[in-house]
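These notes are about the structure you will find just below.
The values are calculated or read from the model by the stated rules, or taken from the named source; none is laboratory data. Given the structure is predicted, the values throughout are model-derived calculations rather than measurements. Every residue, glycine as well, gets a Cβ built from its backbone with ideal geometry; the counts of neighbours run over all protein chains shown. Ligands, DNA and RNA are excluded from the accessible area calculation, which covers all protein heavy atoms including side chains. Shrake-Rupley method; radii C 1.70, N 1.55, O 1.52, S 1.80 Å.
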Amino acid sequence: MARRRAFAAIVCALAAALALPALAAADPGPYVALGDSYTAGPLVFNQVGTPGGCGRSDHAYPSVVKAATGATAFRDNSCSGATTEDMTAAQRILLGTHAPQFDALSAGDRLVTIGIGGNDVGLVGVAVTCVQLGLLAPTGTACRTHYAKPGGGDTLVDRIAATAPKIAATLQGIHARAPQARVLIVGYPDVTPRNGTSCYPLVPLSADDLAYLDEMLRRTNTMLAEQAAANDAEYVDTYDDSIGHDVCTPPGRRWYEGLIPTMPAFPLHPNVLGEASMARSVLRVLGQPQPGPGLSALTRSARTIVAGRPLAISYTLSRGASVTFGLQRSLGDGSYTPIRSVATVSAAAGANAVTLAAGQLGRRAGLYRVTAQPADGGAEQTVQFRIRRMR
């Protein structure tokens, strides 16, 4: 009877998880998925694609997102075991080699999701080490102690910090190869109990070991979110949706498998329910308007110009977009005249410059303010300058 109840719970959970509504939005355009095993879904049915050693599932979150969005052009190029290095270099895997993941990108792509960084930090390997340390120690701080540095600090905290510039370079590499794509970086879910409650011996880790692993995973997610914000990408939080479905929960409620999986999945990885949860998190972000491109502070060629002379404005844009420049004259009491549009330019991602001619600026002496507003809702930037009469 207990087995029947457990089986029924699993069936109900599967039905609920896989019944994802399609997004109301139109086909997002060519969609490419990149990432590691949490993206690929090793051992989750059905395993598809080549090379087989990547462990790619057609029920991993990229395929679920593809179905929900109606993307007609789709490529899942994720591969288990991948690190940021494998974005631009071939990855050696079981019985073969996987080409650099960036090879799947092109200028025509409109959506790119990537789940990466966990293997750079070594999260799964750390969990395995902690299991080995805690196998005969149901209490204590074996895991935390193992990674503590003799002079203070923590080895994993250092690894997370060292991974940050690699994530930044990876996101910049995506933008360079797919400049028109909406880029989402997918964080890692709540695999271990958030409150540190132990389920020894089902998962042979002490309460403190579990709390430590959860802390390091959340630190990794924070780093990913920070790098997304700094590199014109959107962060997908998969952690909150997965709370209460960790490796210590019973089958049917468990979305992330322990050392001995009860559903098809690699140990310490998402099963089909976990992949569906990650897909929901991605779809939640895609259901929101894309943030506007990031515009840097404006730099002027001179603080003061002589009437009749041009003014050059330099700026950096996080992705290609049109930028409208306006001009305002100071009224002397902290207020300005209404913005007068003087130029709209099509700017590329990276460093740009525009020259405002004398005819656009006018010849009236005074304090002025140039405004720059990127299309698609990006934040406005301004810079002041003066025009003085010719002597």
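Here are a few things to note about the model shown:
- Checking each residue in region 112-126 for being without any contact (Cβ under 8 Å) to a residue 24 or more places away in the chain and of a type in the set (S, T, N, Q) picks out no residue at all.
- Those residues of region 350-382 which are open to solvent by 60 Å² or more (accessible area, probe 1.4 Å) and under 15 Å from residue 293 (Cβ atoms), in sequence order: 351, 373, 376, 377, 379, 380
- Every pair of residues 6+ apart whose Cβ atoms lie under 7 Å, when the first sits in region 172-193 and is at pLDDT below 95 and open to solvent by 10 Å² or more (accessible area, probe 1.4 Å) while the second is charged (D, E, K, R) and not in a loop (DSSP other than H, G, I, E, B): 192/214
- Flag if residue 148 is free of Cβ contacts under 8 Å to residues at least 12 places away in the same chain, surrounded by fewer than 17 Cβ atoms within 10 Å (Cβ to Cβ), among the aliphatic types (A, V, I, L, M) and under 23 Å from residue 223 (Cα atoms): yes
- Unmet criterion (only one of (1) in a loop (DSSP other than H, G, I, E, B); (2) hydrophobic (A, V, I, L, M, F, W, C); (3) within 18 Å of the chain's Cα centre (by Cα); (4) closer than 17 Å to residue 177 by Cα) for residue 107: (3)
- Members of region 115-165 that are in a helix (DSSP H, G or I), within 16 Å of residue 81 (Cα to Cα) and of a type in the set (A, V, I, L, M, F, W, C): 121, 123, 124, 126, 127, 128
- The lone exception for residue 91 - which of (1) out of contact with any His (no Cβ under 6 Å at 6 or more places or on another chain); (2) open to solvent by less than 50 Å² (accessible area, probe 1.4 Å) it fails: (1)
- In region 307-346, the residues that are in a strand (DSSP E or B), open to solvent by less than 30 Å² (accessible area, probe 1.4 Å) and among the hydrophobic types (A, V, I, L, M, F, W, C): 311, 313, 317, 321, 323, 325, 327, 342, 343
- Residue match in region 224-239 (condition: under 25 Å from residue 283 (Cβ atoms), open to solvent by 20 Å² or more (accessible area, probe 1.4 Å) and touching a Ser or Thr at 6+ places or on another chain (Cβ under 8 Å)): yes
- Residue 33, sole failed condition from (1) part of a loop (DSSP other than H, G, I, E, B); (2) at pLDDT 95 or above: (1)
- Qualifying residue in region 54-68 (condition: within 16 Å of residue 36 (Cβ to Cβ), crowded, with 16+ Cβ neighbours inside 10 Å, in contact (Cβ under 8 Å) with a residue 24 or more places away in the chain and touching a Pro at 6+ places or on another chain (Cβ under 6 Å)): yes
- Residue 72 open to solvent by 30 Å² or more (accessible area, probe 1.4 Å), of a type in the set (Val, Ile, Thr) and assigned to a strand (DSSP E or B): no
- Selection status of residue 25, hydrophobic (A, V, I, L, M, F, W, C), within 18 Å of residue 182 (Cβ to Cβ), at pLDDT below 95 and outside any helix (DSSP H, G or I): yes
- Residue within region 263-272 that is surrounded by 20 or more Cβ atoms within 10 Å (Cβ to Cβ) and touching a His at 6+ places or on another chain (Cβ under 6 Å) present: yes
- For region 151-171, the candidate set comprises residues that are of a type outside the set (A, V, I, L, M) and in contact (Cβ under 8 Å) with a residue 60 or more places away in the chain; within that set, the residue that is surrounded by the fewest Cβ atoms within 10 Å (Cβ to Cβ) is 166.
- Residues (open to solvent by 30 Å² or more (accessible area, probe 1.4 Å) and either in contact (Cβ under 8 Å) with a residue 24 or more places away in the chain or closer than 20 Å to residue 375 by Cα (or both)) located in region 286-301: 287, 288, 289, 290, 291, 294, 296, 297, 299, 300
- Output for region 194-223, where each listed residue is assigned to a helix (DSSP H, G or I), open to solvent by 10 Å² or more (accessible area, probe 1.4 Å) and among the charged types (D, E, K, R): 208, 215, 218, 219
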